[in-house]
Amino acid sequence: MEEYNHKKIESKWQEKWQELDLYETPDNPDPDDARYVLGMFPYPSGSGLHVGHVESFAGTDVYARFLRMQGKDVLFPMGWDALHPRERTEETIPVFKDQLNSLGLSYDWDREINTSKPEYYQWTQKLFTTLFEEGLAEKKPDTVNWCPGCQTVLANAQVIDGECERCDTEVEDKQMDQWFFNITEYADELLEDLDDLDWPESTKELQRNWIGRKQGARFSFPVHDTTTRRFVVLHGYKSGPKKHFHPWLKDKLEATGNEVIVPELPNPDNPDIEEQVAYVKDNVELTEDTILVGHSLGTIVAMKLLEDLDQRVKTTFLVAPYVDTDFADGKTRGYEDTTDWEFDTETIRENAGQLINLQPADDTSISDQQYQRAKDKLGGHWETIDVNKPHAKAEIEPALFSRIGNEVSVFTTRPDTLFGVTYLAVAPDTTWIENLIEFPELGLKNREEVQNYVQEAKAKSKDESREAEEKTGVRLEGITVKHPATGKQLPVYVADYVLSGYGTGAIMAVPAHDERDFEFAKAHDLPIKQVVAPVENELDADYTKLEDPIMERAANGVITRKKDNKILVQILKMDGEDTYKLPGGRADDGETIKEALIRELDEETGFRFNQVREQLGSFAVAYSRSLEKGSNSEPHIRVKRAFLVSTEDADDGQLVSEDYEGNLRHEWMEPEEAIKNIRNSQHFHNEADIVETFINDSPSTDEGIVVHADDFSGLTSDKAAEKITEAFGEKETTYNLQDWSIGRQRFWGAPIPIVYDPQGDPHPVPEEHLPWTLPEDVDFEPTGEPPLAKSEELFERTEEIFGEGWTPEIETMDCFVDSSWYFLRYPDPHNDENFAGKDALENWCPVDMYVGGAEHAVLHLLYARFITKALADSGEIDFREPFSSLRHQGMVLAEDGTKMSKSKGNVVNPNDVVDRLGADTLRMYELFAGPFSESFDWDTDSIAGPRRFIERVWRLVHEHKPELTSVQEPPESATYMHQTVKKVTEDTTEFNFNTAISALMEARNTMHDKERVTDDSLSVFLRLLAPFAPHATEELWHEFGPGGSVHKQDWPEFSPQAVEAESVEMAVQVDGTLRGQITVDKNAEKADIIEQAKADDNVANNLENKTVTRTIFVSGELVNFVTE
């Protein structure tokens, strides 16, 4: 018998498979049997693959081979995510391809793709054009993540702990006009469709958190102003005092004590600008105290008025300002010739007072370029505001009132805590703070102090600010806001634990119910007001069903003894058992809570405390006996107030208790002991939280019963949130998800297919000019200026095609754009008319099984889902999710448990393992090391185990010299083999490769050790093993089989009746870690089973050189060997 020679066998069959084109994908698959299996394509770096990549590739290959043998038509392609210079790509891809082929992977290489090639990225550019035409791709101003090291913009998900994921440089905020894909348009669908996907729950939860949909409320806190402000609001084209937002804004401004004039300008549907200016001059007085507001055409009227004023106004707000008539929609308005469109901008700025320009986001009437021209001419302060309707034409526009009415708007997911707000905190990098610093007339008294703090805060990373132990901030002296419910004036702080990118950039601080607010309040000596009481559910009833409950008041005392810090605990005998609680009781009519506590302590303990010095907080007990059948008692909630009471030298001998027939006593206990005993009490266990509050000094963040909240007291948090929002705020939904910033200042990437006309407006490059290729005459090293800006050829090409004065976009696309759709190219990779034909897409898509790393959960996977949905809406495809099923592989760690890296010198090259032990050995080792989704430590010694298994299979077959056949089922008598077929089939389907291999090892042992080997059993066994060890099984099938490839044979079947025979499968562990599976007769003796478990190959390897000190045996389930 010739020894197993992996080098000879593996190279032989890899060449043969390539010659036979064994894994060619059928062009016209059976619709019922088509399966698309895909592993994430690699980035072909110069270092090549390491063993960490192998598990994913091998697992996906096993699954594809398995499906083919089950009679499925399988698409199993591979390609390259090649974002680097062409020369390097041409060098590295062949290395990667050779490595993949050396592993025996059954890819259809005829469908290979390369994202760096123009014939690929032309379809990336077509995708961009589609999104541009659908309004999902646009260039807009934004604060972007700027990496000084890479000299480029990063998406949010590419910033890890404040640093660039590529170069670890600290990321900076930078204002830029930037290209975005509007992924936020699909936020709800991206969130809700996760429920139907066969994906790991952890990955779905990561996406849910990244999308971050929050249901809550928006509340407005008007800035306190002792003077009555006078507003003059000028409406726009086809508008008026009773149209669009004007009546709403007037009511809102007047409700806060302001005078508001909204003149009805003449002929609004067919306006004459000069006539409207004259009308305002004749009918409206503009003084130095006037706040002038113009919207749209009203901004032109306002500017013409400012040109002629003899004095300046206090402030000017221009909402949607423009200075020419080149509108985005290309329409004419009819008033273009009624003024000269020349503006004395110096006089306008002089007379405008504080000039604030508000640019509505996503404006469909005025283009970004038109706004930029206005910005260049007018100067002043510019802000982009979110509006409810394009061009700010909705009936309600909260952002306008927030900015013009000078209020602080906050979003919260806990409206039930509104009455607990004791201060507001605003992020340092908000426009509101910048304005307070810049304009002294806004009333900030400590501008220099605030400015210094803002500069210091900007130097910190976001995570550093938010997670710092000490919560820093500066009070805005001279600025207070009005609480919308109580009317009280609240202080405002600028604080770096608040982030401008979340919510509105301002928070209502509720220290009693938020960890960060609590820490800040303690550091700055601010009030802490509890308004939500945690709930004890008496009789385990559902307290949320209590409608209009009767409220009772009660008090508890946390009595501490100074000499040893022990706490006095009351012990009440109930139903024959000790029940632990805090002293205290209900308040009588006419009694205050404190008076009630003093009386109860006197009655229950004999101590007399005339002063109670510190209130700890409230909690609630919901008594709902009326919910019990036959009970007549009314449902009620008892709100208890806890107080901290300290005594100098009290001891047990002083305790005098009420006579509860000997059922009441007191003990001094250590706080931890008191907490434990009280928490274990049936009726009073939540009083332990009060003691913990005393010890830990922490807020209560749970929902419960609202207290100290006027008419809302006694409501559950849910009900109170609804009613408080209705009374004082507005319902709102917010998202963490931000639009996808796709513009990059690098050379390598698909050029953004946009050109600009002489007026600066963007136009997509027509499809006949795609691919819009990268120029060859630039240095592609990043310098801060996009490299394409230096290309003479690119600018000449643009003018030659489009005309003089036309210019190209000089940014390239984020590489994630290429990988967000690549799975759509594999079904039809040679199509030169579209990214894929509709028939090919219908045949194969969506992907049935997608395999790759969990680190891509909120980048690639989310982007691919967005692109799929966008293409479905554009009519390009007819499905809305890209990947029906998803599996993640775990990481392969170094032998010391650390991550493999070149810098540590602990990377294992798969070439070395394949050369020494063979590809089949490496494949089986990685898939057998543990569950596919879990990480494991590389073990050079253990890899010999799978090699020995393959050699034993080799010897078994050669010793038996079978006549292999394509028999579908094992013999009826071969129960163990029916069970093996069932186990391997089910486990391979579920990616439980380690237990499938374990079953194969056990089957080999059974055939060898019990002489149960038959031709049919071996025929079945080799086909089961084929996906895992494709080379060795192909050689054995070729030598002893009926002809043809083993990988083209039918997958074996099992008989349910035979599987139900008198045997069971038991897990075998060594020191608690699964090392094998054995099949034993149900009636086998314990000793025989233990010996069979020790004989398992992998178990024996793991017991080598170890002493078994104890054997744990669970009949029919488990054998666990405990070793020294």
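Read the figures in this text as sums done on the coordinates, not as results from a lab. Keep in mind that this is a model prediction, so the values were computed, not measured. Positions of Cβ are generated from backbone atoms using ideal geometry, with glycine treated the same way; all protein chains shown enter the neighbour counts.
Need one number: nm distance between label points at Glu768 and Ser973, each 7 Å from Cα along Cα→Cβ, rounded to one decimal. Rounded to a tenth, the inter-label distance reads 7.9 nm.
In debye, nearest 20: dipole of the range 1062-1124 around its Cα centre with unit charges on the Cβ of K, R (+) and D, E (-)? Walk me through the intermediate numbers first.
Details: 6 positive and 12 negative charges, 44 e Å.
About 200 debye.
Taking a point 7 Å from the Cα of Glu986 along the Cα-to-Cβ direction, the residues of the range 1049-1087 with backbone N closer than 13 Å to it are 1054-1057, 1059-1061, 1064-1066.
If the chain between Lys238 and Lys573 were fully stretched, how many nm would it gain, using 0.36 nm times the residue separation less the Cα-Cα distance? Before the final figure, lay out each step's value.
Working: separation 335, 0.36 × 335 = 120.60 nm, distance 7.93 nm.
Computed gain between Lys238 and Lys573 is 112.7 nm.
Annotation: amide H of Ser935 within the under-5 Å range of Met891, sequence separation 5 or more or interchain, hydrogens built in the peptide plane.
Here Asp1088 and Asp525 are evaluated by their C-beta separation; at R0 = 60 Å the FRET efficiency comes out at 0.20. Using Stokes-Einstein with the Kirkwood hydrodynamic radius over Cα pairs, what translational diffusion coefficient do you get for the range 49-177 at 10 °C and a viscosity of 1.306 mPa s, in µm²/s rounded to a whole number? D, rounded to a whole number, is 87 µm²/s. Sites listed here are GluC sites (Glu not before Pro) in the range 667-696 whose DSSP assignment is loop and whose Cβ has at most 12 other Cβ atoms within 10 Å, and the list is empty. Among the GluC sites (Glu not before Pro) within the range 287-347, those in coil by DSSP and having at most 13 neighbouring Cβ atoms inside 10 Å are Glu288, Glu336, Glu342. When Rg and Dmax are taken over the Cα atoms of the chain, they come to 37.2, 112 Å.
Restricting the calculation to Cα atoms, the range 752-855 shows an Rg/Rh of 1.07 when the hydrodynamic-style radius is the Kirkwood one.
In debye to the nearest 20, how big a dipole does the chain give about its Cα centre with +1 on each Lys and Arg Cβ and -1 on each Asp and Glu Cβ?
Numbers: 114 positive and 218 negative charges, 413 e Å.
Computed about the Cα centre, the dipole is about 1980 debye.
Once the C-beta distance of Asn565 and Lys731 is scaled by a Förster radius of 35 Å, the resulting FRET efficiency is 0.15 to the nearest 0.05. With a Förster radius of 30 Å applied to the beta-carbon distance between Glu434 and Asp225, the computed FRET efficiency rounds to 0.95.
Both radii were evaluated on the Cα set of the range 1062-1124; the Rg over Rh quotient, with Rh as the Kirkwood radius, amounts to 0.94.
Pairs over the 24 Å Cα-Cα cut-off, from the set Lys982/Lys1082; Lys304/Lys375; Lys72/Lys982; Lys460/Lys902; Lys314/Lys460; Lys904/Lys1106: Lys460/Lys902; Lys314/Lys460; Lys904/Lys1106. Legend: translational diffusion of the range 408-523 by Stokes-Einstein, Rh = Kirkwood radius over C-alpha pairs, 25 °C, 0.890 mPa s; D = 171 µm²/s. With a simple spin-label model that places each label point 7 Å from the Cα along the Cα-to-Cβ direction, the separation between Glu170 and Gln70 comes to 5.3 nm.
Assuming 1.567 mPa s and 4 °C, estimate D for the range 224-404 with Stokes-Einstein, Rh taken as the Kirkwood radius over Cα pairs, in µm²/s. Write down the numbers at each step before the final one.
Values: Rh = 16.2 Å.
Answer, rounded: 80 µm²/s.
The packing ranking of peptides 980-986, 942-948, 765-771, highest mean first, is 980-986, 942-948, 765-771, where packing means the average number of other beta carbon atoms within 10 angstrom of each residue.
Please report the antiparallel percentage of the DSSP beta bridges confined to the chain, to the nearest 5. Here the share of antiparallel DSSP bridges comes out near 60 percent.
If we count other beta carbons within 10 Å of each Cβ, what is the order of Met1001, Met574, fewest first?
Working: Met1001 25, Met574 14.
Arranged by neighbour count, lowest to highest, Met1001, Met574 become Met574, Met1001.
What is the distance, in nm, between label points placed 7 Å from the Cα along the Cα-to-Cβ direction at Glu793 and at Asp282? Spacing of the two 7 Å Cα→Cβ label points: 6.6 nm.
Past 20 Å, Cα to Cα, is the threshold; run Lys393/Lys482; Lys529/Lys563; Lys140/Lys250; Lys238/Lys389 against it and keep the listed order. Let's see the in-between values first.
On the way: Lys393/Lys482 28 Å; Lys529/Lys563 30 Å; Lys140/Lys250 31 Å; Lys238/Lys389 16 Å.
With Cα atoms farther than 20 Å apart: Lys393/Lys482; Lys529/Lys563; Lys140/Lys250.
You can think of it this way: the chain between Ser935 and Leu206 has 260.6 nm of extra reach, that is 0.36 nm per residue less the Cα-Cα gap.
Would you mind calculating the relative contact order of the chain from Cα pairs under 8 angstrom and at least 6 residues apart, reporting the percent as a whole number?
Normalised by residue count, the contact order of the chain is 13 percent.
Run the numbers on the range 224-404 and let me know its relative contact order in percent, using alpha-carbon pairs under 8 Å that are six or more apart. This gives 22 percent for the range 224-404. Loop-located GluC sites (Glu not before Pro) across the range 226-265 with a Cβ neighbour count of 16 or fewer within 10 Å are Glu264, with loop assigned by DSSP. Counted residue by residue at 0.36 nm each, then reduced by the alpha carbon distance between them, the extension gain from Lys8 to Ile396 reaches 132.0 nm.
Proximity of backbone amide H atoms, modeled 1.01 Å from N, is registered between Trp382 and Asn357 at under 5 Å, excluding neighbours fewer than 5 places apart on the same chain. Pairs of Cα atoms in the range 819-891 fall into 5 Å distance bins, from 0 up to the last occupied one, in shares of 3, 16, 26, 27, 16, 8, 3, 1, 0 percent. Positive-end ranking of Thr169, Phe221, Leu197 along the dipole of the range 165-247, with charges on Cβ about the Cα centre, is headed by Phe221.
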